[in-house]
Amino acid sequence: MDRIRIRGGRPLSGEIKVGGAKNAALPLMVAGMLTDDRLVLTNVPRLADVQTMTLLIQQHGVAVDNVTNDARSLSIGGPISNTEAPYDIVRKMRASFLVLGPLLARVGEARVSLPGGCGIGARPIDLHLKGLEQLGARIELEGGYIDARVDGRLKGAKIVFPFVSVGATENLLMAATLAEGRTVLANAAREPEIGDLAAGLVAMGARISGIGSDTLTVDGVDRLHGAEHAIIPDRIETGSYACAAAISGGSVFLRDARLDHLGATVRILREAGVDITEQPDGLMVTRLNGLHGVDVMTEPYPGFPTDMQAQLMALLSVADGASMVTETIFENRFMHVPELNRMGARINVHGASAIVRGVPGLSGAPVMATDLRASLSLILAGLAAQGETIVNRVYHLDRGYEAVEQKLAACGVDIERISG
Ligand code: EPZ
């Protein structure tokens, strides 16, 4: 298993290009299953999860081809010949479950493995299933798989989510585009990735209104056609590298980063003492003076994103004063805390909240990545730490961050990947 070695203490200086958003690319790739034509996606990030999604879609019989040899443009579409999504793929990447709605919408049946839990929580999919039943699907659970079918077409309905779910919004939005009649998704997720998926579906001929709001209205059509769609920049990658600039006391230009997608992340980072200025083609992020502790609660967009919680916690561990970090989305998303504490951080977890008492500095140590965002959090701590940090199990990192060591090395960081 690969490891990443960092020698900390150097302020970042330079430019980092922000890639396409992982959490927009994955549902948009599945959207390609909704048409016999080709959906061409550009600005596709090169990530392990994109490769996994490619294999999943291809085993359904739907073509996924590289349009350019840099694998940043994919052409997806075609007839569906297999309606089963197997456990060995779904268990590796939960976003696989997003094929359920499109399979039902296009061919009226699906057999999709239940994703099971993951490190950060149980992550049930009950909202996905209840919503599809409201659209007329019959859902059965058998042998760890969801067996779903619908006689004829899905039928539009009004679905009110009891709480915000990104994945359930995406699954049902895609299913509704080919359902008969009108579907209303109330209390829908509003993350920029939802807006990007909706924009791609509209380009394919879907009829969706309310994009960007918490109520999406979809008037089903008989078929969708091909289109070309550029994936939005990754706001979590943006926030992660903004924390890298800040924790190292440096200054980095984040090319293609979009301030309007960052929601509460901007306010929280500025409160902590990070200077973020918008420029025509990106964001300039600088840390001029000291960092200050802030209190933060993760919330659905436009609140502070749960996917930025671990990275912010690394930053706050070397801020002046104390911070309280409350995780409201997932029940077990503090696995980075013991690893940060091994580097000298002073963090105490009390249920859904963690108290972070800032320390003057961290010391390098061997640590273990436990999930995607935690692995980046440990790299951030390594940037600030005196001495050498070894981050183990970086396969977590490769799922959602492209070329981290190259991007950081280009900004002056002493970092390398140790294979094996
Ligand atoms: C998406 O996961 C993201 N993944 C996650 O990013 C992100 O953390 C999450 O949204 C929240 O923003 C992708 O987009 C591929 P949810 P998703 O449904 O859709 C509960 C990363 O690091 N819930 O919004 O699975 C669920 O357990 C990943 O890139 C139900 O109870 O998240 C959680 O507590 C990690 N029943 C909460 O809702 C359901 O049917 C929010 O989950 C669905 C969800």
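Structure values in brief
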read-out	value
Residue that is nearest to the chain's Cα centre (by Cα), among those in the range 17-60 that are of a type in the set (D, E, K, R) and crowded, with 18+ Cβ neighbours inside 10 Å	Lys22
Tally of residues being in a helix (DSSP H, G or I) and either within 13 Å of the ligand (Cβ to nearest atom) or touching a His at 6+ places or on another chain (Cβ under 6 Å) (or both) across the range 17-55	14
Of the criteria (1) within 12 Å of the ligand (Cβ to nearest atom); (2) loosely packed, with under 15 Cβ neighbours inside 10 Å; (3) not acidic (Asp, Glu), which one Asn82 fails	(1)
Cβ-Cβ under 7 Å pairs, at least 6 apart or on other chains, the range 241-253 side more than 17 Å from Asp307 (Cβ to Cβ), far side at pLDDT 95 or above and among the hydroxyl-bearing types (Ser, Thr, Tyr)	Ala245/Ser251; Ala245/Thr286; Gly250/Ser13; Ser251/Ser13; Ser251/Thr286; Val252/Tyr241
The range 288-304, subset part of a strand (DSSP E or B) and not polar (S, T, N, Q), residue nearest to the ligand (Cβ to nearest atom)	Phe304
Those residues of the range 87-146 which are without any contact (Cβ under 8 Å) to a residue 12 or more places away in the chain, within 13 Å of the ligand (Cβ to nearest atom) and either of a type in the set (Gly, Ala, Ser) or under 16 Å from Met53 (Cα atoms) (or both), in sequence order	Gly117
Total residues in the range 86-110, condition of a type in the set (Asp, Glu) and either farther than 27 Å from Gly152 by Cβ or buried (at least 24 other Cβ atoms within 10 Å of the Cβ) (or both)	1
Residue within the range 219-241 that is within 16 Å of the ligand (Cβ to nearest atom) and surrounded by fewer than 19 Cβ atoms within 10 Å (Cβ to Cβ) present	no
Among residues of the range 295-310, those that are under 14 Å from Gly400 (Cβ atoms) and either over 13 Å from the mean Cα position of the chain (by Cα) or at pLDDT below 95 (or both), counted	1
Scope the range 185-204; condition without any contact (Cβ under 8 Å) to a residue 60 or more places away in the chain, assigned to a loop (DSSP other than H, G, I, E, B) and surrounded by fewer than 24 Cβ atoms within 10 Å (Cβ to Cβ); matching residues	Asn187
Flag for Gly14 being touching an Asp or Glu at 6+ places or on another chain (Cβ under 6 Å), surrounded by fewer than 17 Cβ atoms within 10 Å (Cβ to Cβ) and more than 25 Å from Ala203 (Cα to Cα)	no
Residue in the range 165-183 that is over 29 Å from Gly226 (Cα atoms), surrounded by 18 or more Cβ atoms within 10 Å (Cβ to Cβ), modelled with pLDDT of 95 or more and within 16 Å of the ligand (Cβ to nearest atom) present	no
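The values are calculated or read from the model by the stated rules, or taken from the named source; none is laboratory data. Values in this document were obtained by computation on a predicted structure and should not be read as measured data. Counting neighbours? That spans all protein chains shown, and the Cβs are built from the backbone with ideal geometry, glycine included.
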